[in-house]
Amino acid sequence: MSTVAERSTARKRALLEEKVLDEIDDRLGTSKWLRNAMDKIFPDHWSFMVGEIAMYSFVILIITGIYLALFYSPSGSVVVYHGPYAPLDGQKMTQAYESVINLSFSVRAGLVMRQAHHWAADIFLAAIAFHLCRVFFTGAFRKPRETNWIIGLTLLLVAMLEGFSGYSLPDDLLSGSGLRVVFSIIQSIPFVGVWVAFTLWGGAFPGTSVFFTRLFVIHEFLFPLILLGLLGAHLGILWHQKHTDFPGPGKTEHNIVGSRLWPQYAIKSGGLFMFIAAIVFGLGGFVQINPIWVYGPYSPARGSAGTQPDWYVGWLDGALRLWPHWEFRSFGHEIANPFFPGILLPGIVFTIMYAWPAIDRRLFADNEEHNLLDRPRDKPLRTAIGVGALFFFADLTVASATDLIGNALNISFELLIEILQYGSFVAPIVAGVVTYKVCNLLNAQNAHPIQRPVGGIIVRDARGAFHTLGAEHAHEAHDGDRHGNGGDSGHGGEEPGLEAAGLEAAGLEAAGLEAAGLEAAGGEPAGG
Amino acid sequence: MSRTNKSRALAGPAALVALAAALFSVLVWAVPAPAQSKASTNVAAKAPAKVAAGTVANDAGGTIAVSTNPATITAGQFLYDEHCQACHGSGAVGARAPQLLDVGPAAVDFMLSTGRMPLNSITQQPLPGRPYFNKTEIAQIVAYINFVDRSHGTPGVGIPKVTPASLSEGNQLFLLNCSQCHDASGAGGMLSHGYVVPSLRQATKEQIAEAIRVGPRPMPGFGPGQLTDQQVSAIANYVYYLAHSGNRGGFGIANFGPVPEGFVAIIFGLGLLLLVARLIGNRG
Amino acid sequence: METVREGTASRDGEGERPFELPEVMTGTHGPEDGAGTGTPWPDDVPPEQDDTWFPLRDQPWKARRLEYLIASLWMVTGGCGIGLMICYWTGGQAQVEGALLAAAFGCLGAGLVLWARFLLPGQDVVGSRGIHYSDQEERAAVVASLSRGTDAMMARRGFLVKKVLVPMGGIFGIAALWPLASLGPRYGRFLYHTAWYPGARLVDENGRPIRVGDLEVDGVLTVFPEGHTDDTLPQNAMSPAVLLNIGGDVIHERKINVGFEQRSGGNGYVCFSKICTHAGCAVTLFNVLSMQLVCPCHQSTFNILEDCKPVFGPAPRPLPQLPLLVSPDGYLYAKSDFVEPVGPGFWNRGGPA
């Protein structure tokens, strides 16, 4: 019901838009790029939004982080606390710890901001990990996207280091213990370890007064800059190469199906951003995280049960617990114990992950370009290796909580550690084999194909005519599926949109696409 | 669109906002705001102020007197014979379980008031639970064992009296002597050989002081040569404060540190966001 | 409510018919048929094929209701803003702030998502992926440009680069390592020696010297060398030690290194480094029943009665033991420093200090 008034407002707005854009274009010549950008099509499968969750968490991290940095004092000099928190009254502590205590107790919204920052960091890493899994299991890292895989892995690595350096800033008992362990790990590196550790800390552990300045510069400046740069490159390459998509009706290696950036995708994405902010700040207000006032100031003589790193470093902490008491000594030198689980293991893990696109190319003798994704079952071997790796990481992560699990379940940590030591070998293999079998089984049965609700896809053919692939075709396809294929349509019952189950199975002849002169989709007919 | 239409159009949203605001304020009211509660701020602000520095006296705390009334002792003996004698032997001389001839009132009161005793099986590690006896019964058994110990010439450790003390001193002592096993938050942990380190968050001040003095194995005891009564009181006060001052930051999620935090971040944080993404995105 | 929007290229007066291309070919390279970037919008699109269709287009009443809902949600956001101001004005409270922030952002997001899902065109559009790489001609041109430039530069002057620039630049680069080296001092004695010295009395964290008899049998205490109780200083950080009274008479058969243990009147004192030989955490979970020390970080377990030999977990070496003596007036003191480096291993641990 567009009224005359509305139309004239629209026209006025259009004139204004034109004027502004004209002025800009006169100077920067942006129109061509801008129109491309606004009309750019993004596939909007929900699993493609996990990377966005990571990105928006990062934005929240920057905003909350700036606020926190206004109050944090990166100094190791010792002060005596006199403040509202009675149990610390009169105690000696570093200025760094005192400033975080004051931030939590005296600064307006300080505690919420600090907790939201920490929750956002945990969610940031969780989203990156999930995004990595999605990319891995769907083969999205294949040519031409190897560069972005490598950048993404570097983002993960730097994000982990960034998270750990943030965890270490408050100089409470927990972060001090974490730094102590990291110092020991660095110190264990052959030849240079001690020198590197002493260089970073400005002296022997727990470091001289310059240490917190350095840690702060690293956390506040160095790593965020690297993250920002890499994120820019990650997105730029994504923009240039365009997003991958699942195979489906109307989708080919050469087209892209989705929503335009402006306004649909931008508004959806903005909505997602707001939801992330809501959850992060909700957690920040209602779920306590890292109560540093409870842990107290750090001193090397103090310890606390339940000394664990944040979850994303848990697998390394677990590896430290599971690694046997081996050390290598000869000719007056030794390779100390923490080197193997603390340096060698992550080194190997990240090397394999960095090399994975190359390994994958050889494994499947596939050097082709791919814009359409694999379903996990399409490559049982890759999926099996991925699931095995996930079980390995899960095993190590569980190992970082042996004392707490022991306490909760009344099992000795000796037994738990032994189980998990064997588990780190057995679980990945068993999980991998089972996954492999399940993939093959699914392939044989052709159960639950990737499907999407076909509300109506508009396709334009070479002559400029438009064709709507909509519900009327879905019926045909559904029939075809039922008669010809016998695949399951049980999953389609979940929602009406999925009634079109098996569209792709039926092939696109049924949808009449070929007649429309468009390159036939179904390059990878899921029906097999 | 006319003006009246517009105002009518705004009435709906306005009502909704009012409703939401009302609901919200109720919610905010109902949600506990732990650290801001009056009780805790009192503990926080006043307790340390009262304790001037340098007033540490070794006998500041002292012990709580145990009844020597023959009727109480008899009642205690009756309860002992019924519930404890099977393991600890007649007259507390020990049988399948250790003798109690020198344990003193603190150990008995600790074991009974925290529900550690009586045990179902002597191979079990005594862990805190709901006390089996009520306060009067505990006092009676304590009186009886006290009587036995005194007759034996080895009175054992008396029930320490907890006096108001500095939270700050308690915090320092706790973090140096206790937190490595019990966690800085007092949530407990795990020792070797499957011994569970219990949580301190349900303990009373007296129970904490008793445990420090007695050393319920596998925990070591801390004698007066190591911690003065004043220091024991300080620890007891701090642990009690820790458990009862609430969590400023919101729900404490078991006060176990980064592990449950990670769970919440992944399951609740990312999980919820994935649901949102599923609502927003296509589900193919 | 229909979206009326005028395309930039065909905005020449007749804006009567709503039009919006249902499909755009995007990508800088454009598809083969030429309908790529910059191609004028054809304005003869039949209305039924436009993409102004949105899920609630044919239910204006529902759409109107949704508009109200969205408006209400965003008003809640505004209300939360007012609430936050009041909250800050009155001093702030973490839970209230969290609730208001969450509600504000949540409502903002819900409104946006509802708008996008139900009031914005919901049909998928199809476009060409275009080509993300260059063709052979362009590649050849780049190679040509590069070698033309390099040739011009290097012809007869290649020695400048090879013989001068590279070595001189290398020297300059090495010079940059010196400031880097100034970041940390030489590690000197810190890893080999602690603050313990011959005759150092054992004191607790408050500096009170420990006498025989202060600890009960099976008692445990963290001790420091007298005068070095501030363990947050680098020179003292490796000094904290665990003093244990393992009793004298009852447990005489326990195997403890002779000369490191002090017995006196039913007490038997042993003292071990508190710094774990695995990763340096403070080892002081003390299991009296099994006479074991356990590290809270990685559960390394040390048997006290075998000179703190590691019996479980990743710790590779026993906790170093401090040789003890008792002075005539009953104070415990150290005979010397630890006889081996304390704490986690490192490359030169076996070498001279």
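What the table shows:
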| read-out | value |
| --- | --- |
| Candidate set from region C:226-241 (those that are more than 8 Å from chain A (Cβ to nearest Cβ) and among the aliphatic types (A, V, I, L, M)); member that is most open to solvent (accessible area, probe 1.4 Å) | C:Leu233 |
| Filter result for the condition that a residue is of a type in the set (S, T, N, Q) and open to solvent by less than 30 Å² (accessible area, probe 1.4 Å), over A:Thr154, A:Thr94 | A:Thr94 |
| Any chance A:Val112 is part of a helix (DSSP H, G or I), among the β-branched types (Val, Ile, Thr) and closer than 27 Å to C:Gln93 by Cβ | yes |
| Hits in region C:276-304 (condition: more than 7 Å from every other protein chain (Cβ to nearest Cβ) and buried (at least 21 other Cβ atoms within 10 Å of the Cβ)) | C:Cys276, C:Thr277, C:Val283, C:Leu293, C:Cys295, C:Ser300, C:Phe302, C:Ile304 |
| Filter result (within 14 Å of another protein chain (Cβ to nearest Cβ) and in a loop (DSSP other than H, G, I, E, B)) within region C:323-337 | C:Gly330 |
| Cβ pairs under 8 Å, 6+ apart, first in region A:8-24 and farther than 17 Å from A:Arg35 by Cα, second open to solvent by 80 Å² or more (accessible area, probe 1.4 Å) | A:Ala10/C:Arg5 |
| Tally of residues being touching a residue at least 40 places away in the same chain (Cβ under 8 Å) and either within 13 Å of chain B (Cβ to nearest Cβ) or among the hydrophobic types (A, V, I, L, M, F, W, C) (or both) across region A:82-96 | 7 |
| Out of A:Ala109, A:Ala116, A:Ala140, A:Ala159, sole residue that is in contact (Cβ under 8 Å) with a residue 60 or more places away in the chain, over 30 Å from A:Leu381 (Cβ atoms) and either within 13 Å of another protein chain (Cβ to nearest Cβ) or under 16 Å from the mean Cα position of the chain (by Cα) (or both) | A:Ala116 |
| Among residues of region C:338-351, those that are more than 9 Å from chain A (Cβ to nearest Cβ) and either over 16 Å from C:Val223 (Cα atoms) or open to solvent by 20 Å² or more (accessible area, probe 1.4 Å) (or both), counted | 3 |
| Among (1) at pLDDT 90 or above; (2) closer than 30 Å to C:Phe312 by Cα - the single one B:Gly215 does not satisfy | (1) |
| So C:Leu56, is it open to solvent by less than 40 Å² (accessible area, probe 1.4 Å), assigned to a helix (DSSP H, G or I) and at pLDDT 50 or above | no |
| So A:Arg134, is it assigned to a helix (DSSP H, G or I), of a type in the set (Lys, Arg) and within 28 Å of A:Gly306 (Cα to Cα) | no |
| B:Phe174 being at pLDDT 90 or above, surrounded by fewer than 24 Cβ atoms within 10 Å (Cβ to Cβ) and part of a helix (DSSP H, G or I) | no |
| Residues of region A:162-201 classified as within 13 Å of another protein chain (Cβ to nearest Cβ) and within 15 Å of A:Phe124 (Cα to Cα), total | 4 |
| Region A:42-71, subset among the aromatic types (Phe, Trp, Tyr), open to solvent by 20 Å² or more (accessible area, probe 1.4 Å) and within 30 Å of A:Gly248 (Cβ to Cβ), residue farthest from the chain's Cα centre (by Cα) | A:Phe42 |
| Selection from region B:160-194 of residues that are at the interface with chain A (Cβ under 8 Å from one of its Cβ atoms), within 15 Å of C:Phe286 (Cα to Cα) and more than 17 Å from the chain's Cα centre (by Cα) | B:Leu176, B:Ser192, B:His193, B:Gly194 |
| Every residue from region B:128-149 that is surrounded by 14 or more Cβ atoms within 10 Å (Cβ to Cβ) and either modelled with pLDDT under 85 or touching a Gly at 6+ places or on another chain (Cβ under 6 Å) (or both) | B:Pro128, B:Pro131, B:Gln140, B:Ile141, B:Ala143, B:Tyr144, B:Asp149 |
| Tally of residues being within 11 Å of B:Thr68 (Cα to Cα) and among the β-branched types (Val, Ile, Thr) across region B:129-143 | 1 |
| Residue within region B:95-109 that is touching a residue at least 12 places away in the same chain (Cβ under 8 Å), closer than 18 Å to B:Glu210 by Cβ and surrounded by fewer than 23 Cβ atoms within 10 Å (Cβ to Cβ) present | yes |
| Enumeration of residues in region A:259-285 that are farther than 28 Å from A:Leu156 by Cα and open to solvent by 20 Å² or more (accessible area, probe 1.4 Å) | A:Trp262, A:Pro263 |
| Region C:305-320, residues that are surrounded by fewer than 18 Cβ atoms within 10 Å (Cβ to Cβ) and not in a strand (DSSP E or B) | C:Leu305, C:Glu306 |
| Residues (outside any loop (DSSP other than H, G, I, E, B), among the hydrophobic types (A, V, I, L, M, F, W, C) and either without any contact (Cβ under 8 Å) to a residue 12 or more places away in the chain or outside the structural domain of A:Gly76 (by TED's automatic domain parsing) (or both)) located in region A:169-216 | A:Val194, A:Trp195, A:Val196, A:Phe198 |
| From A:Asn367, A:Asn371, residue being open to solvent by 50 Å² or more (accessible area, probe 1.4 Å), within 26 Å of A:Asn255 (Cβ to Cβ) and of a type in the set (S, T, N, Q) | A:Asn367 |
| Boolean, A:Pro300 is over 18 Å from the mean Cα position of the chain (by Cα), surrounded by 24 or more Cβ atoms within 10 Å (Cβ to Cβ) and more than 7 Å from chain C (Cβ to nearest Cβ) | no |
| Residue satisfying condition, being polar (S, T, N, Q) and farther than 19 Å from B:Val259 by Cα, within set A:Ser168, A:Ser209, A:Ser177 | A:Ser209 |
| Subset of region A:411-453 that is of a type in the set (S, T, N, Q) and at pLDDT below 90 - its residue that is nearest to A:Ala394 (Cα to Cα) | A:Asn443 |
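Conditions (1) within 14 Å of chain A (Cβ to nearest Cβ); (2) open to solvent by less than 80 Å² (accessible area, probe 1.4 Å), marked per residue:
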position	(1), (2)
C:Leu101	yes, yes
C:Pro121	yes, yes
C:Asp135	no, no
C:Glu138	no, no
C:Ser147	no, yes
C:Met154	no, yes
C:Val164	no, yes
C:Ile171	no, no
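Table: residues versus (1) within 24 Å of B:Arg217 (Cβ to Cβ); (2) in a loop (DSSP other than H, G, I, E, B).
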residue: B:Ile73; (1), (2): no, no
residue: B:Gln77; (1), (2): no, no
residue: B:Asp81; (1), (2): no, no
residue: B:Cys87; (1), (2): yes, no
residue: B:Leu100; (1), (2): yes, yes
residue: B:Gly115; (1), (2): yes, yes
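The values are calculated or read from the model by the stated rules, or taken from the named source; none is laboratory data. What you see is a predicted model; the values in this text were computed from it and never measured. Note that we place each Cβ from the backbone using ideal geometry, even for glycine, and neighbour counts take in every protein chain shown. These area figures cover heavy atoms from the full protein model, side chains too; ligands, DNA and RNA do not enter into them. Shrake-Rupley method; radii C 1.70, N 1.55, O 1.52, S 1.80 Å.
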